[in-house]
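The values are calculated or read from the model by the stated rules, or taken from the named source; none is laboratory data. All figures in this text were calculated on a predicted structure; none of them were measured in a lab. Here Cβ is always computed from backbone atoms with ideal geometry, including for glycine, and neighbour counts include all displayed protein chains.
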Amino acid sequence: MEQRINPFETRYNALKPLFGFGVYLSKASIEKELLHLIYYRVSQLNGCAYCLDMHAKDLRVMGESEQRLYMLSAWEESPIYTERERAAFAWAEAVTNLADGHVKDAVYAQAGKQFSEAELIDLTIAIIAINGFNRLNVAFRTPAGNYVPGMHAHHVNNN
């Protein structure tokens, strides 16, 4: 598949607000590993190969196991995720898949048991951010496979 447009080169300044989410989240209280698991799960839902490659590599550098990466698409049937992770995955899926027009009360209640109000807002910002990046990469066919962990750190550090 050939890349259509490189939005990160063509309109870098237009994307700075999206990078700003990463700057904010780098200081958030939610565990970095959990954020990257969320990025990975949402990227699975959206079929974003670039983000899957990136977050799988970042997670491995953080010490995440291959088993947990492989089983993430079936997290509901796997006992290897914590209750906090499960609540985050359910919230991420509900916020990403808004076809029903709302997030169910049961999902909100589950998330509320595991996350403070501030953390739930931060988690939602993370989901919004990765959905935005997924849509850019899928729409413009950003090539996957060449990501090196840390190569986008300048977006967080120089924004």
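Worth pointing out:
- Long-range neighbours under 8 Å by Cβ, at least six apart or interchain, first residue of a type in the set (Ser, Thr, Tyr) within region 139-159, second outside any helix (DSSP H, G or I) and at pLDDT below 75: 142/6
- Residue that is surrounded by the fewest Cβ atoms within 10 Å (Cβ to Cβ) [pool: residues in region 67-115 that are among the hydrophobic types (A, V, I, L, M, F, W, C) and assigned to a loop (DSSP other than H, G, I, E, B)]: 99
- Residue 117 charged (D, E, K, R), farther than 23 Å from residue 146 by Cβ and over 14 Å from the mean Cα position of the chain (by Cα): yes
- Taken over region 24-79, the criterion of being touching a residue at least 60 places away in the same chain (Cβ under 8 Å) and closer than 17 Å to residue 121 by Cα is satisfied by 24, 25, 26, 28, 29, 30, 35, 38, 39, 42.
- Counting the residues of region 126-138 that are closer than 20 Å to residue 37 by Cβ and either buried (at least 17 other Cβ atoms within 10 Å of the Cβ) or in contact with a strand residue (DSSP E or B) (Cβ under 8 Å, 6 or more places away or on another chain) (or both) gives 8.
- Residue satisfying all of: in region 51-66; hydrophobic (A, V, I, L, M, F, W, C) and assigned to a helix (DSSP H, G or I); farthest from the chain's Cα centre (by Cα) among these: 61
- Once region 2-53 is narrowed to residues that are among the hydroxyl-bearing types (Ser, Thr, Tyr) and crowded, with 20+ Cβ neighbours inside 10 Å, the residue that is farthest from residue 114 (Cα to Cα) is 50.
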